[in-house]
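For reference, the structure is listed below as C-alpha cells.
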Amino acid sequence: MSRILEFKSALGFRKSSLTSGWRMVREALTMPTHFPEPISDDFQYDESAEACNMEDIVVFGTAFLSVVYSLVFVFGLVGNLLVIFSLSNSRKRKSITDIYLLNLALSDLLFVATLPFWTHYLRSEQGFHNAVCKLTTAFFFIGFFGGIFFITIISIDRYLAIVLAANSMNNRTVTHGVTISLGVWAAAILVAAPQFMFTKQKENECLGDYPEVLQDIWPVLRNVEANALGFLLPLLILIYCYFRIMRTLFSCKNRKKAKAIKLILLVVIVFFLFWTPYNIMIFLETLNLYDFFPDCDMKRDLKLAIGVTETIAFIHCCLNPIIYAFAGEKFRRYLSHLYRKCLAVLCCYSVDTGFSPPESQTGRRESILSSNFTHYTSDGEVSLHV
C-alpha cells in the first residue's frame, strides 16, 4: 500500500525539484555578464533539476486506484460477510475447517475495511491524522499477511485431513483450530510490524519515516519480507500440500475425485496468477532502490506496473469466499437456506421446513464424501472440497 501511496509524495517532490531547477536557470540568465573564469572545484551539479516527471502517472494512479479500491471493498465486504454469516448461523457442529474459514474471512474483512480510508487519502489534500495513518496502515498489513497465512493453514489442514488422515484424527479439533488461529494472528501482527512501525503522518503524507541509520536498509528489508513470507513460502507450502493431496486422490476410488482435483488446481493457479506479478514488481522495486533502473522511462513504467499489479493482487481477497467457502456443497446449502429464509420473511410463510435436504439424502452424501480417505476427519465433506 505504501508503494502506491508514494504517488502523492512523488508528485510533490517532482514539482518542488523542477521549480528549484528552473529557479537556478532564471538566476543564471539574469546575472551580469563577466569574462569567463575558471570553474571552481566547489561547483556541484543539481541533479534534481532533471528529476523524472511522474505527474501523469500520479493522475492516472489516483483515478485508477480509487475506482478499483471501491469495487474491491464492495465485493470483498459482501462476500466475506456472507461467509461469516453462514458459519455463525449454521446449526451443525463446527469443524476445524470452519474455524479457519471464519478467520480467513475476518482477515479479508480487516484488509478491505482499510480501502475506503486509502481512497479518501488518494483524493484528499489533507491526508490523515497521525493516529488514523498508523492504525489504517497497521490494519491493512495485518489483514494482508493474515489472509495469506490462513490460506496456507487451510492448505496444511487439507493435507493433514486427506494424506495423513489416521495420524491427524485427534489433532484436528475445534480447540486446536482456535489455538492455531490465535497463533496465526500473532504471527501476522509480528510479520506486519516492520511494514507499519515507522509509519507516521508527515507534511500531509502517510509514509514511513525511518531513523537515519535505517533509511537505506529498512525499505529493502520490507520488500524482502513481503516477497519471502508473503508469497514464496506460502506458495511452496501450497504446491507441496496440494501435490500430495492430488496423489492421494488419484489413488482412491471416489466419483467426486475429478471435482476435487479441479478445485485444488483452481486454488493454486488463482493464488499464483494474482500474486506473482505483484511480487515480481516488489523485487524489481528492491533493485530500483539500488539504482538498477536509472532511465526515467523505466522508473515511470515500474511505478505504473506496481500500481496495476497491486490492485490485481488485492482482488484475490474477493475471490477467497468463492474458492474456499462457496465452492463446497455445505456452504451452498447455507446460502440456499439463507435465500429461502429471506423469501419466507418477505412472503410471510413458515420457515420451519424445506431448508435442509432430507436426512437420508444428507446421510448418503456425507457417506459418499467421507469414504476412502475422509472417514477419519471431523468434516469429511469440506475435506474434499476445500
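Is it the case, given these coordinates, that residue 265 is exposed (fewer than 14 other Cβ atoms within 10 Å of the Cβ) and either in a helix (DSSP H, G or I) or at pLDDT 85 or above (or both)?
For residue 265, the condition - exposed (fewer than 14 other Cβ atoms within 10 Å of the Cβ) and either in a helix (DSSP H, G or I) or at pLDDT 85 or above (or both) - is met.
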If residue 125 meets every condition in (1) of a type outside the set (Phe, Trp, Tyr); (2) part of a helix (DSSP H, G or I); (3) out of contact with any Asp or Glu (no Cβ under 6 Å at 6 or more places or on another chain) apart from one, which number is that one? (2)
In segment 71-120, which residue that is touching a helix residue (DSSP H, G or I) at 6+ places or on another chain (Cβ under 6 Å) and of a type in the set (D, E, K, R) is surrounded by the fewest Cβ atoms within 10 Å (Cβ to Cβ)? 94
Do we find a residue being in contact (Cβ under 8 Å) with a residue 40 or more places away in the chain, within 17 Å of the chain's Cα centre (by Cα) and either assigned to a helix (DSSP H, G or I) or over 28 Å from residue 264 (Cα atoms) (or both) anywhere in segment 214-222? no
When residue 367 is run through (1) closer than 23 Å to residue 174 by Cβ; (2) at pLDDT below 50; (3) surrounded by 14 or more Cβ atoms within 10 Å (Cβ to Cβ), the failure sits at (3)
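Going by the structure shown, is residue 278 modelled with pLDDT of 90 or more and among the aromatic types (Phe, Trp, Tyr)?
Yes; evaluated as a whole, the condition is true for this residue.
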Within segment 139-187, can you find the residues that are in contact (Cβ under 8 Å) with a residue 60 or more places away in the chain, assigned to a helix (DSSP H, G or I), over 20 Å from residue 271 (Cβ atoms) and more than 21 Å from the chain's Cα centre (by Cα)? 165, 166, 168, 174, 176, 177, 178
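Picking from 259, 253, which residue would you name as being outside any helix (DSSP H, G or I), on the phi < 0 side of the Ramachandran plot and basic (Lys, Arg)?
Working: 259 fails: outside any helix (DSSP H, G or I).
Selected residue: 253, the only one of 259, 253 that is outside any helix (DSSP H, G or I), on the phi < 0 side of the Ramachandran plot and basic (Lys, Arg).
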Pairs under 8 Å by beta carbon, first residue farther than 16 Å from residue 340 by Cα and at pLDDT 85 or above in segment 77-91, partner small (Gly, Ala, Ser) and assigned to a helix (DSSP H, G or I), six or more apart or different chains? 77/113; 80/105; 81/105; 83/105; 83/325; 84/105
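The values are calculated or read from the model by the stated rules, or taken from the named source; none is laboratory data. What you are looking at is a predicted structure, and each value in this text was computed from that prediction instead of being measured. Don't worry about glycine lacking a Cβ; one is built from the backbone with ideal geometry, like all the others, and counts go over all protein chains shown.
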